[in-house]
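As structure tokens, the structure follows; a few thoughts come after it.
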Amino acid sequence: MALLRLIARLDIKSPNLIKTIQYEGLRVMGAPHDFALKYYHAGADEIIYMDIVASLYGRNHLTELLQTTAAEIFIPITVGGGVRSVDDARALLRAGADKVAVNTAATKRPELIKEIAETFGSQCMVLSIEAKRRKEGGWEAFRDNGRERTGLDAVEWAGRAHELGAGEILLTSVDREGTRKGYDIELLAAVTSVVPIPVIAGGGMGTCAHIVEAVRQGGASAVAMADVIHYDRMSISQIRSEAAAAGLNVRKL
Amino acid sequence: MSRCVSVIDGSGGNLLSVRRAFERAGAKVQFVNDGDGIRKAERIVVPGVGAFGRGMDALRGLALVEPLREFIAGGGSVLGICLGLQFLFEVGEEFGEHSGLGVLRGRVRRLPDRDTADRPLRIPHIGWNALLRPRDETQWRGTILERVAPGYAVYFVHSFAAEPVDPRNILAECEYGGHRVVAAVQHGRLYGVQFHPEKSGETGLTIIKTFLEL
């Protein structure tokens with residue numbers, strides 16, 4: 001079977017890698033390419049670059065960075081932030097991305113998912129969902145990095161996106177993002193039980209036990225991590241050996 | 001000495017990552033889209049993304065089919081990647097039946113949509129999966145997998161897989177949903193890989209380097 005993927009997620013406010021807590025309180029970490037290279041050599045299975053201000057400014061600034069990175073990193077790269085059209089997606093794929101992640105524009109015009117999937121294949125089309133718990137139960141999808149409500153139920157939105165041709169879902173819990181308290185397992189389980197496509201757990205990774213929960217109880221096919229590796233609390237190779245020791249089926253290096 | 005590799009550019013698709021990976025592995029890369037380019041090649045890479053029929057149509061449209069067959073018949077060193085592996089076979093079943101290069105006997109069929117326990121299986125097969133020896137006696141020494149051990153993972157994105165008539169053509173397999181799926185094929189100096197070595201990290205680069213040195 002396909003192996004559990006350990007994915008390094010880098011949020012970028014051009015030209016820097018930044019880290020937030022619940023998408024607030026932005027802190028500058030350094031040059032994204034240097035971090036990506038480090039993660040590649042430590043054995044990351046994939047890299048996600050997310051331009052976190054792209055939706056605000058209406059364009060993605062990662063093309064140059066992507067060209068630099070794709071020349072030195074030989075694993076799949078997903079890029080998101082500000083993708084509003086098939087042409088935006090094409091520009092990123094041409095610059096070296098293997099997949100594009102779409103959130104804001106798809107919540108405004110869901111057909112974008114279908115257009116990207118039909119043009120480049122479902123395997124290229126990742127739907128990014130930023131989900132926040134509602135007081136009355138369930139989760140609402142947010143856009144613009146957890147800043148704006150969409151009114152969409154996150155679980156229903158995931159199902160709709162799959163029908164439109166999304167090949168994968170990057171599911172980030174806004175409540176857990178940057179907290180290191182663990183992934184929102186109920187959210188993961190709710191989404192993985194309705195969509196047959198791979199779901200990447202995001203938001204809250206702090207220890208290896210969180211990965212085990214995300215996979216065993218949440219049904220995640222992949223886990224995204226940021227804080228824990230950016231601050232060097234754990235290295236990806238350490239996470240990989242701990243995951244393997246816990247019986248998870250990870251890539252052997 | 002710089003090793004030259006001629007990458008077939010039939011589709012006008014995105015070959016950037018293939019180019020970069022071969023360059024990183026020490027090759028001088030050139031793109032070719034005519035018969036003359038093939039005849040002069042030192043070694044050839046046949047990449048491919050997209051559908052079988054359209055991909056073969058593109059090769060035919062550029063009159064590359066005969067030169068490629070001749071290059072292979074003459075014992076030239078060739079590596080087909082993903083769809084490029086599938087082209088080597090007689091028939092592809094993606095969107096109807098289409099003939100391939102037919103330099104290896106067999107068909108390219110859709111992956112089974114149920115696992116061996118009859119549960120639905122996710123198609124396409126996307127992600128990292130381990131390379132396995134198809135049979136105990138299959139040796140990887142002297143092949144592109146010489147420096148790779150069974151269990152090493154590589155990156156796959158595909159919905160169709162080759163089913164060679166001659167089991168000796170199968171160099172490596174992977175397991176998906178309990179099924180054995182062809183991951184690499186070989187006949188002499190002709191190789192095909194279903195996975196993407198250009199996206200398979202250092203393992204992929206090692207395979208590319210080994211191909212360049214064979």
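Derivation of every value follows stated rules applied to the coordinates shown; laboratory data play no part. Just so it is clear, the structure is predicted and the values come from calculations on it, not from any experiment. Please note: Cβ atoms are built from the backbone with ideal geometry, for glycine as well, and neighbour counts cover all protein chains shown.
For this structure, a couple of remarks:
- Gyration tensor (alpha-carbon) shape descriptor, the range B:144-185, a/c threshold 1.5: oblate
- In percent, rounded to a whole number, the relative contact order of the range A:36-165 is 19, using alpha-carbon pairs under 8 Å and six or more apart.
- The label point for A:LYS108 and the one for A:ARG90, both projected 7 Å from the Cα toward the Cβ, are 2.1 nm apart.
- Counts of other chain beta carbons within 10 angstrom of each beta carbon in peptide A:5-12 average 1.
- Normalised by 2.2 N^0.38 Å, with N the number of residues, the alpha-carbon radius of gyration of the range A:195-249 equals 1.09.
- nm² value of the averaged projected area, convex hull over the Cα atoms of the range A:78-174: 5.4
- Ordering A:188-195, B:77-84 by mean Cβ neighbour count within 10 Å, with the highest value first, yields B:77-84, A:188-195.
- Structure-based [θ]222 nm, the protein assembly as shown - -39500 (n - 2.57) summed over DSSP H runs of at least 4, per residue, nearest 500: -8000 deg cm²/dmol
- Each distinct pair of alpha carbons in the protein assembly as shown adds a 1/r term; the inverse of their mean, the Kirkwood radius, is 22.5 Å.
- Restraint check, A:LYS13/A:LYS135; A:LYS38/A:LYS181; A:LYS99/A:LYS132; A:LYS38/B:LYS28, Cα-Cα greater than 28 Å: A:LYS13/A:LYS135
- Between the range A:88-164 and the range B:123-156, the Cα center-to-center distance that results, in Å: 34
- Computed E for B:ALA73/A:SER241 - FRET, C-beta separation, R0 51 angstrom, nearest 0.05: 0.60
- Note on A:ALA189 and B:GLU97: the model spin-label points, each 7 Å out from Cα along the C-beta direction, lie 5.0 nm apart.
- Theoretical FRET efficiency, 1/(1+(r/R0)^6), r = Cβ-Cβ of A:ASP232 and A:ALA209, R0 25 Å, to 0.05: 0.85
- Packing-based order for B:166-174, A:94-102, using average beta carbon neighbours within 10 Å, highest first: A:94-102, B:166-174
- Rg [Å, one decimal], Dmax [Å, integer] - the range A:127-198, C-alpha atoms: 11.4, 33
- Here the peptides A:220-226, A:8-14 are ranked by packing, the mean other Cβ count within 10 Å, and the order with the highest first is A:220-226, A:8-14.
- Within 10 Å of each Cβ in A:239-252, the average number of Cβ atoms from other chains: 2
- Label-to-label distance, B:ARG60 versus B:ALA149, with points set 7 angstrom from Cα along the beta-carbon direction: 4.7 nm.
- Semi-axes of the equivalent ellipsoid of the range B:1-142 are 27, 20, 16 Å, computed as sqrt(5λ) over the eigenvalues of the C-alpha gyration tensor in descending order.
- Averaged over B:90-101, number of beta-carbon atoms from partner chains that fall within 10 Å: 0
- The slack between A:HIS61 and A:GLU136, meaning 0.36 nm per residue of separation minus the straight C-alpha distance, is 23.2 nm.
- Computed about the Cα centre, the dipole magnitude for chain B is approximately 400 debye when only Lys and Arg (+1) and Asp and Glu (-1) carry charge, each at its Cβ.
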